[in-house]
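Scroll down for the structure; my scribbles are underneath it.
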Amino acid sequence: TDSDNPYEIAYFDRGPLSPDELYLGGAWAGYWNNGRIYVPEIVRGLDVLKLTPSEHLSAAEIAAAELIRFDEVNTQTQLHIEWPDHPDVARAFVDQLVRAGALDSGLARRVDREINNWSRGRANAAALSDIATNLETAAAGADGVDGKRLRDLAGVLQRAT
């Protein structure tokens, strides 16, 4: 979520085909598509992986990523992703901001409460607008990726109603 500071959150390796003999084998890539990671392997076929929550990746971030769907994917291109205005996307922003220490815990609880109302079809336009204003104010004093996330979350909440 921060291309200037990437870090590994998981890895996958099936290991050697044989501990005693040299064989051509192994995974040559991993491709994200419609909520799964596809890992083609030279000899053994195809592995299909699903992310699980960890200290580096929340359930909300996984749910938001699974909202992005493509009918067809060419792994040689870089597809443009438009995040939908959806409660899972808002929760993912909250999780990222809390993990980075960029969102006050009181405001985070308030945001969570209103996202839960929104996800149940009871969005409170006035409360969401007020929270979005608070987030914009916080974004004005934030640097880099945290400021962008605060503004993006504010936008999602503004458009929720």
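First check a/c for region 15-84, with a ≥ b ≥ c the square roots of the eigenvalues of its C-alpha gyration tensor; if it is under 1.5, answer rounded, and if not, answer prolate when a/b is larger than b/c or oblate otherwise.
Working: a/c = 3.50, a/b = 1.76, b/c = 1.99.
Oblate is the answer for region 15-84, as a/c is 1.5 or above yet b/c matches or exceeds a/b.
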Lys and Arg at +1, Asp and Glu at -1: add these up for the other residues within a Cβ distance under 11 Å of residue 63 and post the number.
-> -3
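Skip the ligands, DNA and RNA, and give the accessible area per residue of region 1-84 with a 1.4 Å probe, whole Å². Intermediate results must be reported in sequence, preceding the final value.
Details: 6570 Å² over 84 residues.
The answer is 78 Å² per residue.
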Ignoring ligands and nucleic acids, residue 82 exposes an accessible area, probe 1.4 Å, in Å² to the nearest 10, of 130
Cleavage-rule hits (chymotrypsin sites (Phe, Trp or Tyr not before Pro)) in region 1-91: DSSP loop, at most 12 neighbouring Cβ within 10 angstrom = 7, 11, 12, 23, 28, 70
Which percent of the accessible heavy-atom area of region 1-159 goes to carbon and sulfur, probe 1.4 angstrom?
-> 49
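Taking R0 as 35 Å, what FRET efficiency do you get between residue 46 and residue 3 from their Cβ-Cβ distance, rounded to the nearest 0.05? Before the final figure, lay out each step's value.
Numbers: r = 28 Å, r/R0 = 0.79.
Computed FRET efficiency for residue 46 and residue 3: 0.80.
Assuming R0 = 35 Å, can you tell me the calculated FRET efficiency for the pair residue 125 and residue 11, based on Cβ-Cβ distance, to the nearest 0.05? If you can, show how the numbers build up before the last one.
Details: r = 44 Å, r/R0 = 1.26.
Here the calculated transfer efficiency is 0.20.
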Lys and Arg at +1, Asp and Glu at -1: neighbours of residue 47 with Cβ under 13 Å from its Cβ sum to +2
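Looking only at trypsin sites (Lys or Arg not before Pro) in DSSP loops with at most 13 other Cβ atoms within 10 Å, what is the longest site-free stretch of the chain? The partial results should precede the final answer.
Numbers: sites that count: 14, 44, 50, 69, 120, 122, 159.
Excluding the exposed sites themselves, the longest stretch runs over 70-119.
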Debye, to nearest 20: dipole size of the chain, +1 on Lys, Arg Cβ, -1 on Asp, Glu Cβ | 660
Report the full-extension gain for the segment residue 100 to residue 37: residue separation times 0.36 nm, less the Cα-Cα distance, to one decimal in nm.
-> 20.1 nm
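By the gyration tensor of its Cα atoms, with a ≥ b ≥ c the square roots of the eigenvalues, what is the shape of region 63-146: rounded for a/c under 1.5, prolate for a/b over b/c, or oblate?
Details: a/c = 2.44, a/b = 1.49, b/c = 1.64.
Since a/c reaches 1.5 but b/c is at least a/b, the shape of region 63-146 is classed as oblate.
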Can you give the accessible area per residue of region 105-161, in Å², using a 1.4 Å probe?
-> 52
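The values are calculated or read from the model by the stated rules, or taken from the named source; none is laboratory data. Source: prediction; values computed, not measured. Reconstructed Cβ throughout: ideal geometry from the backbone, glycine too, with neighbour counts over all protein chains shown. Heavy atoms of the whole protein, side chains included, go into the accessibility calculation; ligands, DNA and RNA do not. Shrake-Rupley method; radii C 1.70, N 1.55, O 1.52, S 1.80 Å.
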